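Here is the structure we will look at, set down as structure tokens.
What follows is calculated from the coordinates using simple rules that are stated; it is not laboratory data. No experiment lies behind these values; they were computed from the predicted model shown. Every residue, glycine among them, receives a Cβ derived from its backbone with ideal geometry; neighbour counts consider all protein chains shown.
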Amino acid sequence: VRPYVDVTTQKVRLLFLGGSDRREWRLHFENDLTMTQIGGDDSFLRHPIDVKKLLIGPGERQQVIVDFAGYKEGDVVSL
């Protein structure tokens, strides 16, 4: 399965859900694009945190903002 989403070349808010019963997900962009983590399971963080990798356990949710301003329309960015 190779899901994809078309996004704008601006800042985009993404919500990730660890939808497995036992597996942890280690997410990162292929080109080390920085994500700004803004929230966890039920709330926002006090202060945003810039991260290159994101660990999501079973049933956890993480909210991030990704700035795609450095890309042109049609560019492919892999997570």
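Among the residues of segment 57-79, just one is hydroxyl-bearing (Ser, Thr, Tyr) and surrounded by 15 or more Cβ atoms within 10 Å (Cβ to Cβ), namely 71.
Report yes if residue 54 is hydrophobic (A, V, I, L, M, F, W, C), part of a strand (DSSP E or B) and either surrounded by fewer than 11 Cβ atoms within 10 Å (Cβ to Cβ) or under 10 Å from the mean Cα position of the chain (by Cα) (or both), otherwise no. Judged against the criteria, residue 54 is a match.
For beta carbons closer than 8 Å, sequence separation of 6+ or different chains, a first residue in segment 35-57 that is in contact (Cβ under 8 Å) with a residue 24 or more places away in the chain and more than 19 Å from residue 10 (Cα to Cα) and a second that is outside any strand (DSSP E or B) and among the charged types (D, E, K, R), the qualifying pairs are 55/24; 56/24; 57/24. Any residue in segment 53-76 that is among the hydroxyl-bearing types (Ser, Thr, Tyr) and touching a Pro at 6+ places or on another chain (Cβ under 8 Å)? No, because not a single residue in segment 53-76 is among the hydroxyl-bearing types (Ser, Thr, Tyr) and touching a Pro at 6+ places or on another chain (Cβ under 8 Å). Residues being aromatic (Phe, Trp, Tyr) and touching a residue at least 60 places away in the same chain (Cβ under 8 Å) are represented in segment 58-70 by at least one member. Scanning segment 20-35 for residues that are more than 22 Å from residue 4 (Cβ to Cβ) and surrounded by 11 or more Cβ atoms within 10 Å (Cβ to Cβ) turns up just one, 24.
For segment 1-39, a residue qualifies if it is part of a loop (DSSP other than H, G, I, E, B) and closer than 11 Å to residue 57 by Cα, and the qualifying residues are 18, 19, 20, 21, 22, 23, 24. Condition first: free of Cβ contacts under 8 Å to residues at least 12 places away in the same chain and more than 15 Å from residue 68 (Cβ to Cβ). Now tell me which residues in segment 1-18 satisfy that. Scanning segment 1-18 gives 1, 2, 3.
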